[in-house]
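Have a look at the structure below before the remarks.
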């Protein structure tokens, strides 16, 4: 829905933007609680939401879960590294 043009229903994009912002805020907060510095936590939260949502789109287009699985593996590695420091 978020990748479609909704000139006639901007509230749909507003709802999607709000949902993404809430997910990002929640994830960033969890990372900060785990000791990740605020700026890094915000960047990582953006990365996670963007990567997962993008991987979902690619997986749907390909009718194959592999892009989502691969994105998850890489995100796991990035997050593990961030949590070690």
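Every read-out reported here was derived from the displayed coordinates using simple, explicitly stated rules and does not represent laboratory data. Small disclaimer: the values here were computed from a predicted structure and weren't measured. Methodologically, a virtual Cβ is constructed for each residue, glycine included, from the backbone with ideal geometry; neighbour enumeration extends over all protein chains shown.
Within region 52-62, restricting attention to residues that are free of Cβ contacts under 8 Å to residues at least 40 places away in the same chain, in contact with a helix residue (DSSP H, G or I) (Cβ under 8 Å, 6 or more places away or on another chain) and more than 14 Å from residue 78 (Cα to Cα), which residue is surrounded by the most Cβ atoms within 10 Å (Cβ to Cβ)?
My answer is 55.
Condition check ((1) touching a helix residue (DSSP H, G or I) at 6+ places or on another chain (Cβ under 6 Å); (2) surrounded by 15 or more Cβ atoms within 10 Å (Cβ to Cβ); (3) in a loop (DSSP other than H, G, I, E, B); (4) on the phi > 0 side of the Ramachandran plot) across all residues:
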{"residue": "19", "(1), (2), (3), (4)": "no, no, no, no"}
{"residue": "22", "(1), (2), (3), (4)": "no, no, no, no"}
{"residue": "50", "(1), (2), (3), (4)": "no, no, no, no"}
{"residue": "64", "(1), (2), (3), (4)": "no, no, yes, no"}
{"residue": "68", "(1), (2), (3), (4)": "yes, yes, no, no"}
{"residue": "73", "(1), (2), (3), (4)": "no, no, no, no"}
{"residue": "76", "(1), (2), (3), (4)": "no, no, no, no"}
{"residue": "83", "(1), (2), (3), (4)": "no, no, no, no"}
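Go through region 30-40 and give me each residue that's on the phi < 0 side of the Ramachandran plot and either in contact (Cβ under 8 Å) with a residue 40 or more places away in the chain or loosely packed, with under 14 Cβ neighbours inside 10 Å (or both).
Across region 30-40, the qualifying residues are 30, 31, 33, 34, 36, 37, 38, 39, 40.
State the number of residues belonging to region 30-46 that are under 23 Å from residue 16 (Cα atoms) and in contact with a helix residue (DSSP H, G or I) (Cβ under 7 Å, 6 or more places away or on another chain).
Here the count works out to 6.
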